[in-house]
Amino acid sequence: MRLKDDYIVALAVAAVGGFFFYQASLIEFADDTLVGPRLVPMLTAGMIIGLAALIVAAGHIMSNGRKAETFSVIGEGEPELAPVTKLALRRMASVIVGGFVYLFLFAAAGYLISTAVVLAALLVIFGNRPPLKVALLTIGGAAVYFFVFIKLMGIHSPPGWLIDLTLLGLG
Amino acid sequence: MDIIDGFTFLFSNPMALAFVAIGAFTGVVVGAIPGLTASAAIAMLLPVTFYLDPLSALAFLYVIGKSGRFGGSIAAILFNTPGTAASAATMQDGYPMTQQGKAGKALKTATVASVFGDAVGELILIFGAAAIAVYTASFGPPEYFAIYLMAFVVIGSVVGKSIIKGILSTLLGAMASLIGLDPITGDSRLTMDIYDLENGLSLVPLLIGMFVISEIMVQSEKLDDGELHVADTEGKSHDDHSFTWDEFKRCLALMIRSSGIGALIGMMPGLGSSVACFVAYGEEKRRSKTPEKWGTGIVEGIAAPESANNAVSGPSMIPLLTLGVPGSTIAAILIGVFLIHGIQVGPSIFETSRELVFGLFASGLVGIAMYGIIGYWGGPLVGKIIACFPPRLIYPFIFLTAFIAAYSARQSLFDVGIALVFGVVGYFFRRFDFSAAAFIIAFVLAKGAEEAYRQSLLLSDAGNAIYLERPVALAFFAVGLGVLILRTVTVMRHKKLVAATPEIDE
């Protein structure tokens with residue numbers, strides 16, 4: 001972590017704090033309350049913004065005569081994760097996109113189909129290769145998850161608005 | 001004695017006993033999977049407990065937390081990869097022993113040390129918690145606010161590498177908890193006119209996002225084509241796969257000291273097993289007559305960290321039960337379970353639910369025995385089974401489990417979306433060295449802190465000056481400030497030392 005990273009962190013944190021400060025200012029409440037619902041959110045958001053400003057101020061003060069890439073105001077030691085590669089970034093983005101696809105498919109086609117599709121995709125994203133192995137794991141895995149969570153535990157799987165398998169007893 | 005009543009309560013509930021056994025096994029297996037923590041397992045299994053009675057629910061998750069801390073040592077010893085952060089110190093002597101063909105000895109040492117430390121911690125909890133609760137029962141809203149504020153400052157200051165990031169993590173967690181309806185007036189806050197946010201963010205999807213989905217993202221980032229290779233645990237001689245009585249006697253004093261270190265660290269909010277294991281390892285190495293042997297594969301190098309990291313478990317429940325302040329992430333999750341079953345944590349729990357509390361303590365002791373048996377005779381087998389399932393096969397299924405767990409809490413796809421969003425947040429926390437544990441603990445505590453603060457002001461005609469009239473509250477404020485100052489001084493000294501070192505070399 002170096003000073004540039006500190007400023008990125010400060011900017012992101014200030015943005016979050018500013019957003020919540022604004023949202024807190026919109027809270028409506030009766031004027032006769034002693035300490036209303038607005039106080040603590042505004043205080044908390046204000047502290048977040050204040051700490052972000054402190055990071056920037058400390059970085060400015062400490063950077064006199066020092067190269068920005070040689071020190072950090074808020075970093076200590078080596079970071080936990082190594083720098084990310086493009087391949088890793090694509091893989092991570094695929095996982096999150098896969099999650100949102102899962103959400104969409106769950107509503108559209110129900111639990112069984114969405115689980116099978118996303119499981120197959122994740123197995124491929126994580127580097128499992130022979131198509132037959134992926135297919136067998138997908139079918140077996142989706143079936144087991146459907147049976148355990150939907151049938152045994154009774155978790156509600158609503159009928160999909162696009163494909164409705166409840167008519168076949170698979171919901 | 002109350003603990004005997006606790007055992008009676010436990011043994012009269014076969015389902016609770018069954019879940020203690022399932023929890024012991026689950027924790028060992030989950031802890032042994034590199035990258036997956038007991039907290040992640042508890043987050044995913046939390047919705048299952050909604051359908052259970054309070055004792056079964058609490059015992060299940062509590063024992064997973066205990067056995068998960070031990071399970072991490074299996075991966076550390078066999079795969080040279082810590083299964084959990086708490087077993088990182090165990091790796092230093094555990095894997096060299098495996099390389100010498102003594103994996104069996106290493107695993108048995110880890111099991112005995114874990115059981116020893118956990119039992120010591122549990123006894124401290126059993127006899128300490130009730131005694132402390134008698135004193136804290138007299139606390140009112142001003143004292144509770146002071147305790148919460150102290151917890152925020154202490155957790156933010158000591159957890160992780162950076163004080164500012166720790167405090168920011170705490171503030172961000174508090175901010176997240178304020179979304180929803182105001183607890184006193186019922187006014188809608190920070191909901192951005194999204195109906196699903198009226199009831200606030202649910203703990204389960206937040207946990208799953210911050211601990212499970214973020215971990216899946218990290219694992220997908222680190223992914224290579226490597227498999228997990230488990231070393232041969234058979235050994236050349238009987239001595240290579242057994243922990244002898246002489247070795248036990250040699251390690252006994254060390255395990256007692258390390259258990260004490262772990263118990264003390266466990267009582268302080270925010271520190272946890274990962275700190276305890278390294279403190280104990282470092283301290284015992286310093287005391288040793290042969291420090292040069294540490295790190296080459298000796299039983300002492302396993303016994304010290306394993307006793308310490310497991311001794312954290314019981315005492316970390318003391319601030320939870322006596323003050324309502326969780327001492328660890330797992331304790332923070334257990335608050336959620338208590339509340340779901342309508343049980344208010346804090347000193348009054350010893351009045352209102354005494355049988356349940358001591359039943360939980362009894363579950364802890366039984367769980368320790370169970371994971372000890374599983375680990376002592378089944379540790380190598382668990383390792384071999386896990387090695388058959390490489391991470392690239394395991395993590396897709398963990399993602400599916402996380403998805404359904406996030407959904408099942410409130411049967412809500414919105415919660416799944418929240419889990420995904422906080423998965424990304426949790427990943428960026430890891431990338432920029434913020435603390436997910438501080439975030440979650442603050443999320444759990446913030447509502448209580450706000451209520452206590454506002455109730456204090458309602459009680460007083462003097463406004464914020466009420467805290468000047470309460471010496472106990474002032475004492476807690478002072479503790480929080482003291483820890484912050486001490487930590488700041490330590491960090492500044494360390495920075496000066498690091499900056500000065502190249503000049504010394506020149």
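The values are calculated or read from the model by the stated rules, or taken from the named source; none is laboratory data. Bear in mind the structure is a predicted one, so any value in this text is a computation, not a measurement. Note that each Cβ is placed from the backbone with ideal geometry, even for glycine, and that neighbours are counted across all protein chains shown. To get the accessible areas, we keep the full protein, side chains included, count just its heavy atoms, and leave off ligands, DNA and RNA. Shrake-Rupley method; radii C 1.70, N 1.55, O 1.52, S 1.80 Å.
Tabulated data
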| quantity | calculated |
| --- | --- |
| Total residues in region A:85-106, condition more than 8 Å from chain B (Cβ to nearest Cβ) and within 16 Å of A:Trp161 (Cβ to Cβ) | 3 |
| Among (1) at pLDDT below 90; (2) assigned to a helix (DSSP H, G or I) - the single one B:Glu227 does not satisfy | (2) |
| Filtered residues of region B:80-109 (kept if closer than 18 Å to B:Gly31 by Cα and open to solvent by 20 Å² or more (accessible area, probe 1.4 Å)) | B:Asn80, B:Thr81, B:Pro82, B:Ala85, B:Ala88, B:Met91, B:Gln92, B:Tyr95, B:Lys108 |
| Where a residue in region B:29-55 is open to solvent by 10 Å² or more (accessible area, probe 1.4 Å) and its partner, wherever it lies, is hydroxyl-bearing (Ser, Thr, Tyr) and not in a helix (DSSP H, G or I), with Cβ under 6 Å and at least six apart | B:Pro34/B:Thr81; B:Thr37/B:Thr84 |
| Region A:112-131, subset more than 8 Å from chain B (Cβ to nearest Cβ) and either farther than 17 Å from B:Ser220 by Cα or touching a residue at least 40 places away in the same chain (Cβ under 8 Å) (or both), residue least open to solvent (accessible area, probe 1.4 Å) | A:Ser114 |
| Of all residues in region B:190-212 being under 19 Å from the mean Cα position of the chain (by Cα) and open to solvent by 10 Å² or more (accessible area, probe 1.4 Å), the one that is nearest to the other protein chains (Cβ to nearest Cβ) | B:Phe211 |
| Count of region B:110-134 residues which are over 24 Å from B:Ile4 (Cβ atoms) and either among the hydrophobic types (A, V, I, L, M, F, W, C) or open to solvent by 40 Å² or more (accessible area, probe 1.4 Å) (or both) | 3 |
| Total residues in region B:397-442, condition closer than 17 Å to B:Glu215 by Cβ, in a helix (DSSP H, G or I), open to solvent by 20 Å² or more (accessible area, probe 1.4 Å) and at the interface with chain A (Cβ under 7 Å from one of its Cβ atoms) | 4 |
| Test for B:Tyr144: is it under 30 Å from B:Ala406 (Cβ atoms) and among the hydroxyl-bearing types (Ser, Thr, Tyr) | no |
| Residue in region B:465-485 that is in contact (Cβ under 8 Å) with a residue 60 or more places away in the chain, within 14 Å of chain A (Cβ to nearest Cβ), open to solvent by 20 Å² or more (accessible area, probe 1.4 Å) and not in a helix (DSSP H, G or I) present | no |
| Condition broken by B:Ser313, with the remaining ones in (1) over 14 Å from B:Glu122 (Cα atoms); (2) not in a helix (DSSP H, G or I) satisfied | (1) |
| When residues of region B:320-334 are limited to those that are open to solvent by 10 Å² or more (accessible area, probe 1.4 Å) and not in a loop (DSSP other than H, G, I, E, B), the one farthest from B:Val63 (Cα to Cα) | B:Leu323 |
